[in-house]
Amino acid sequence: MHAAEIWRYPVKSMGGERLPVAEVTAEGLAGDRRVAVFDRRSRRPEHPLSARDLPQLLGFRARWQAGGPLVEGPGLAATRWDRPQVREHVSMACGRDLELAEEPLGAFDDSALHILGMASVRELASEVGWAVDHRRFRANIYLDGGALEPDSEPAWASRHFQVGSATISVIEGCPRCAITTWDPTTLRPQPGLLRHLVRTRNAVLGVYAAVISPGQVAAGDRLTWL
């Protein structure tokens, strides 16, 4: 079993970037979800928004560079996240007066790492009868190969493994939300997918994880259970 793909999402709920190699810190992948979108006029102005609130965010893509994320999207060329035009384009697309702000420790819903096996995605696709793009699940590390069985990840809870030079602890299964219903390419909703996950897996797919020992992980690195 190995790390097949590594993904980072510099701005919470925007499209991310596939990496050949990543630094794994105590706060997750370096640069992951370090900026978030806020509505300062809402009842919870300190609460970072996600694509559950604003699916239009999925139409933007962020990639990391020195100094912070670059954001691009509808009518917006790659621009540093803190430039006024980024705020303007995101606000216009979402129909709300929004702002972007740094989250130095990461704007995570639950844990700093999200891990998913490609076997689980393939099994899900065979069940629903149509191609399921794994990117809709927004995992950081996608595993594949070896003895990886579909939907085996939740049984890994409390186990530790090494991948690359990083040591990771599996916490628990990852409960899915409405974000998974949005196709990352077409941005069209497919609510039947979440209904199927609820019915067949209690909405759980993949796992949350924590970093025990920071290090570096590269695509192709093998996983070793400890």
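All but one of (1) in a loop (DSSP other than H, G, I, E, B); (2) at pLDDT 95 or above hold for Val86; which doesn't?
(1)
Can you work out which of the residues in the range 22-41 that are out of contact with any Pro (no Cβ under 9 Å at 6 or more places or on another chain) and assigned to a strand (DSSP E or B) is surrounded by the most Cβ atoms within 10 Å (Cβ to Cβ)?
By that ranking, first place goes to Leu29.
Taking into account only those residues within the range 54-68 that are in contact with a helix residue (DSSP H, G or I) (Cβ under 9 Å, 6 or more places away or on another chain) and not in a helix (DSSP H, G or I), which is nearest to Thr185 (Cα to Cα)?
Filtering the range 54-68 for residues that are in contact with a helix residue (DSSP H, G or I) (Cβ under 9 Å, 6 or more places away or on another chain) and not in a helix (DSSP H, G or I), the one nearest to Thr185 (Cα to Cα) comes out as Phe60.
Got a number for residues in the range 143-162 being out of contact with any helix residue (DSSP H, G or I) (no Cβ under 8 Å at 6 or more places or on another chain) and part of a loop (DSSP other than H, G, I, E, B)?
In the first step, residues of the range 143-162 are kept if they are out of contact with any helix residue (DSSP H, G or I) (no Cβ under 8 Å at 6 or more places or on another chain); the result is 145-147, 154-162.
Now narrow it down to the ones that are part of a loop (DSSP other than H, G, I, E, B): 145-147, 157-159.
Looking only at that region, the number is 6.
Given the structure, is Arg52 out of contact with any strand residue (DSSP E or B) (no Cβ under 7 Å at 6 or more places or on another chain), touching a residue at least 60 places away in the same chain (Cβ under 8 Å) and surrounded by fewer than 17 Cβ atoms within 10 Å (Cβ to Cβ)? It would help to see each step written out before you state the result.
Numbers: out of contact with any strand residue (DSSP E or B) (no Cβ under 7 Å at 6 or more places or on another chain): yes; touching a residue at least 60 places away in the same chain (Cβ under 8 Å): yes; surrounded by fewer than 17 Cβ atoms within 10 Å (Cβ to Cβ): yes.
Spelling it out, Arg52 is indeed out of contact with any strand residue (DSSP E or B) (no Cβ under 7 Å at 6 or more places or on another chain), touching a residue at least 60 places away in the same chain (Cβ under 8 Å) and surrounded by fewer than 17 Cβ atoms within 10 Å (Cβ to Cβ).
What number of residues within the range 6-21 satisfy the criterion of being out of contact with any Lys or Arg (no Cβ under 9 Å at 6 or more places or on another chain) and part of a strand (DSSP E or B)? Outline the logic, then answer.
At the first step, the residues of the range 6-21 found to be out of contact with any Lys or Arg (no Cβ under 9 Å at 6 or more places or on another chain) are 20-21.
Next, from what is left, pick out any that are part of a strand (DSSP E or B): 21.
Number of matching residues: 1.
Restricting to strands (runs of 3 or more DSSP E) lying wholly in the range 180-225: which have 2 or more residues that are without any contact (Cβ under 8 Å) to a residue 60 or more places away in the chain? Don't jump to the end; show me each part of the working.
Numbers: elements: 204-213, 215-218, 223-225.
Passing ranges, in order: 204-213.
Among Gln162, Gln190, which is the only one that is of a type in the set (S, T, N, Q), in contact with a Phe, Trp or Tyr (Cβ under 9 Å, 6 or more places away or on another chain) and at pLDDT below 95? Lay out the reasoning, then the answer.
Numbers: Gln162 fails: at pLDDT below 95.
On inspection, the qualifying residue turns out to be Gln190.
Please give the number of the condition Val163 fails out of (1) touching a Lys or Arg at 6+ places or on another chain (Cβ under 6 Å); (2) within 22 Å of Ser111 (Cα to Cα).
The failed condition is (1).
Of the conditions (1) within 20 Å of the chain's Cα centre (by Cα); (2) surrounded by fewer than 16 Cβ atoms within 10 Å (Cβ to Cβ), Ala119 satisfies every one except a single condition; which number is it?
Unmet condition: (2).
The values are calculated or read from the model by the stated rules, or taken from the named source; none is laboratory data. Predicted, not measured: the structure shown is a model, and the values here were computed from it. Here Cβ is always computed from backbone atoms with ideal geometry, including for glycine, and neighbour counts include all displayed protein chains.
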